[in-house]
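> Please see the structure below; I have some questions.
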Amino acid sequence: MDKLIIRGGRQLHGEVLISGAKNAALPELCAALLTAEPVTLTNVPRLQDVATMRRLLDNMGVKTQTHGERGGMTLHAANPITPEAPYELVKTMRASVLALGPLLARFGEATVSLPGGCAIGSRPVDQHIKGLQAMGAEITVEHGYMIAKLPSGRTRLKGARITTDMVTVTGTENFLMAATLAEGETILENAAQEPEIPDLAEMLIKMGAKIEGHGTRRIRIQGVEALHGCEHAVVADRIEAGTFLCAVAATGGDVVLRHARADHLDAVIDKLLEAGVNVTDLGKDGVRVQAASPAYDYLQAMSFRTTEYPGFPTDMQAQFMALNCIAQGTSKVTETIFENRFMHVNELVRLGAHIQIDGKVAVIEGVRALSGATVMATDLRASASLVIAGLVAEGETVVDRIYHLDRGYDQMEAKLRGIGADIERIK
Ligand code: UD1
């Protein structure tokens, strides 16, 4: 298993190219199932979850081909397609559930494994099932699989008003994709507003879908009979950009994040500015971050709670907590989205952080310095927080089980090395 060896204490300087967003690429790869014509995506990030999704689609009979330097991928879901997502692939990536909506909408049937538990909580898919049932699908759960089909005599899903019990990102994406080919109008109330949703909607509109209100709490979709191919560039990854913002804030330095979208990072940037980090919106040139070191002398610890977009993202909680560990003062971090997303805490404590957990709340007492140790990555964003901590810790930090990091970051250690970090991968 690969490990990262980090020798902390270096400031970061230079430029980083932010990749396409994992959480936009995954639904957009699945959107290719909605048409028999080829779909071309560009700016697809090179990461493990994308490779898994590609394998899932290949397995169904979709022809996929990568091309070009800048993450080009063409997907062609011409018939015949086997509308099935097996457990072996779904278990490694919960986002496989995103195949359900498009398969049902185009083929009238789908068999998709239940994702099962994952490290950050139980993460059920009841809302996905409820919403697609409201659109006329018959769904049963048998032998660990969701078996979905249309009632006999029907060839298309039907439009519906769907109100989910909570805001769900992949749920909204599943309904949005399914509704493009449904008969009549679908209204999604309580829709997720994460930037990946309007990016997906814009791709679907290029394919001929009729969608309004994407990016707001209420999305209206008028179903059409068929969609066609398109070309679409995946939006920049706001979580990758946010991770680099926190890394530079922790180590000190001056870095420009090319392609990063400051307007997708308002909640994170506001907290960094309050903490004492200099963040500048360069418009189409990206985002610049400047920070002094040592962090303890310049940074104020910041309390926050995770909420749906446009609130503070749960996917940035762990990385910001690493920053709070070395900032001055006491901060309170409240995780409201996932029940078990503090697994990085014990590892940060191994590096010398002072953190106490009480249910959904972590209380962090900033310390002047962390000290290198061997730590274990437990999930994707937790891994990123350990890398950030390792970049500032005195001595050597070994981050084990970095396959979690590879699931969601496009060449993170190479990008960090490019701006001056002392970091290497050991096979
Ligand atoms: C997506 C993101 C993930 C991010 C999360 C929250 C992708 C591929 N993943 O995950 O990186 O951390 O949004 O911003 O885009 N829930 C249910 N039943 C359901 C669906 C969700 O109870 O059917 C609950 C979840 O357990 C969680 C909350 O709703 O507590 C929000 O989850 P959701 O937005 O669905 O997360 P994902 O879409 O899985």
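> Taking only region 315-337 into account, find how many residues are small (Gly, Ala, Ser) and either assigned to a helix (DSSP H, G or I) or within 13 Å of VAL277 (Cβ to Cβ) (or both).
Of the residues in region 315-337, the ones small (Gly, Ala, Ser) are 318, 322, 327, 329, 331.
Remaining after also requiring either assigned to a helix (DSSP H, G or I) or within 13 Å of VAL277 (Cβ to Cβ) (or both): 318, 322, 327.
Counting residues in region 315-337 that are small (Gly, Ala, Ser) and either assigned to a helix (DSSP H, G or I) or within 13 Å of VAL277 (Cβ to Cβ) (or both) gives 3.
> So LYS130 passes all but one of these: (1) assigned to a loop (DSSP other than H, G, I, E, B); (2) of a type in the set (Lys, Arg); (3) within 24 Å of the chain's Cα centre (by Cα). Which condition number does it fail?
Against the list (1) assigned to a loop (DSSP other than H, G, I, E, B); (2) of a type in the set (Lys, Arg); (3) within 24 Å of the chain's Cα centre (by Cα), LYS130 comes up short only on (1).
> Can I ask one more? Quick one: in region 1-15, which of the residues that are assigned to a loop (DSSP other than H, G, I, E, B) and of a type outside the set (S, T, N, Q) is surrounded by the fewest Cβ atoms within 10 Å (Cβ to Cβ)?
For region 1-15, the residue satisfying everything is MET1.
> Answer yes or no as to whether PHE175 is surrounded by 16 or more Cβ atoms within 10 Å (Cβ to Cβ) and closer than 19 Å to ASN23 by Cα.
Considered against the rule, which asks whether it is surrounded by 16 or more Cβ atoms within 10 Å (Cβ to Cβ) and closer than 19 Å to ASN23 by Cα, PHE175 comes out as yes.
> Turning to a different aspect of this structure: Going through ALA78, ALA51 one at a time, which residue ends up being more than 22 Å from ASP237 (Cβ to Cβ) and among the small types (Gly, Ala, Ser)?
One residue alone meets the criteria, ALA78.
> Quick one: which of ALA160, ALA201 is closer than 22 Å to CYS230 by Cα and among the small types (Gly, Ala, Ser)?
Numbers: ALA160 fails: closer than 22 Å to CYS230 by Cα.
Of ALA160, ALA201, the one residue that is closer than 22 Å to CYS230 by Cα and among the small types (Gly, Ala, Ser) is ALA201.
> How many of the residues in region 46-103 are part of a helix (DSSP H, G or I), surrounded by 15 or more Cβ atoms within 10 Å (Cβ to Cβ) and more than 20 Å from the chain's Cα centre (by Cα)?
Final tally of qualifying residues: 3.
> Based on this model, can you work out whether ALA178 counts as within 27 Å of the chain's Cα centre (by Cα), not in a helix (DSSP H, G or I) and not β-branched (Val, Ile, Thr)?
no
> Does ASP263 fit the bill of being surrounded by fewer than 21 Cβ atoms within 10 Å (Cβ to Cβ), at pLDDT 95 or above and either under 20 Å from the mean Cα position of the chain (by Cα) or more than 30 Å from LEU181 (Cα to Cα) (or both)?
So ASP263 fits the description; yes.
> Suppose the filter is in contact with a helix residue (DSSP H, G or I) (Cβ under 8 Å, 6 or more places away or on another chain), under 28 Å from GLU15 (Cβ atoms) and buried (at least 24 other Cβ atoms within 10 Å of the Cβ); does ALA382 pass it? Don't jump to the end; show me each part of the working.
Working: in contact with a helix residue (DSSP H, G or I) (Cβ under 8 Å, 6 or more places away or on another chain): yes; under 28 Å from GLU15 (Cβ atoms): yes; buried (at least 24 other Cβ atoms within 10 Å of the Cβ): yes.
Answer is yes for this residue.
> Still on this model: Can you tell me which residues in region 181-211 are more than 16 Å from the ligand (Cβ to nearest atom), more than 27 Å from SER19 (Cα to Cα) and not in a loop (DSSP other than H, G, I, E, B)?
GLU183, GLU185, THR186, ILE187, LYS210
> Looking at ALA322, ALA295, ALA353, ALA318 in this structure, which one is aliphatic (A, V, I, L, M) and within 16 Å of the chain's Cα centre (by Cα)?
ALA318
> For region 183-203, how many residues meet the condition of being farther than 24 Å from ALA260 by Cα, in contact (Cβ under 8 Å) with a residue 40 or more places away in the chain and surrounded by fewer than 24 Cβ atoms within 10 Å (Cβ to Cβ)?
The number of residues fulfilling the criteria is 1.
> Of the residues MET93, MET1, which single one is among the aliphatic types (A, V, I, L, M), away from the ligand (no atom under 15 Å from the Cβ) and modelled with pLDDT under 95?
MET1
> Okay, moving on. If you go through region 151-180, how many residues are within 16 Å of the ligand (Cβ to nearest atom) and either among the acidic types (Asp, Glu) or in contact with a Gly (Cβ under 7 Å, 6 or more places away or on another chain) (or both)?
Matching residues across region 151-180 total 9.
> Looking only at region 398-409, how many residues end up being crowded, with 22+ Cβ neighbours inside 10 Å and in a loop (DSSP other than H, G, I, E, B)?
Final tally of qualifying residues: 2.
> Something else: Residues that are in contact with a helix residue (DSSP H, G or I) (Cβ under 7 Å, 6 or more places away or on another chain), closer than 25 Å to ASP2 by Cβ and touching a residue at least 12 places away in the same chain (Cβ under 8 Å): does region 356-371 have at least one?
yes
> Moving to a separate point now. Spot the failing condition for LEU282; the list is (1) surrounded by fewer than 23 Cβ atoms within 10 Å (Cβ to Cβ); (2) within 16 Å of the ligand (Cβ to nearest atom), and only one is missed.
Condition not satisfied by LEU282: (2).
> Pairs under 8 Å by beta carbon, first residue at negative phi and in a strand (DSSP E or B) in region 237-259, partner of a type in the set (Phe, Trp, Tyr) and within 14 Å of the ligand (Cβ to nearest atom), six or more apart or different chains?
none
> Taking into account only those residues within region 17-40 that are crowded, with 24+ Cβ neighbours inside 10 Å and part of a strand (DSSP E or B), which is nearest to the ligand (Cβ to nearest atom)?
GLY20
> May I pose another question? I need every pair where a residue in region 152-168 that is within 13 Å of ASP126 (Cβ to Cβ) has its Cβ under 8 Å from the Cβ of a residue that is of a type in the set (Ser, Thr, Tyr) and within 13 Å of the ligand (Cβ to nearest atom), sequence separation at least 6 or different chains.
Short answer, once both residue conditions are applied: THR164/THR172.
The values are calculated or read from the model by the stated rules, or taken from the named source; none is laboratory data. Treat the numbers as computed from the prediction; the structure is a model and nothing was measured. Note that we place each Cβ from the backbone using ideal geometry, even for glycine, and neighbour counts take in every protein chain shown.
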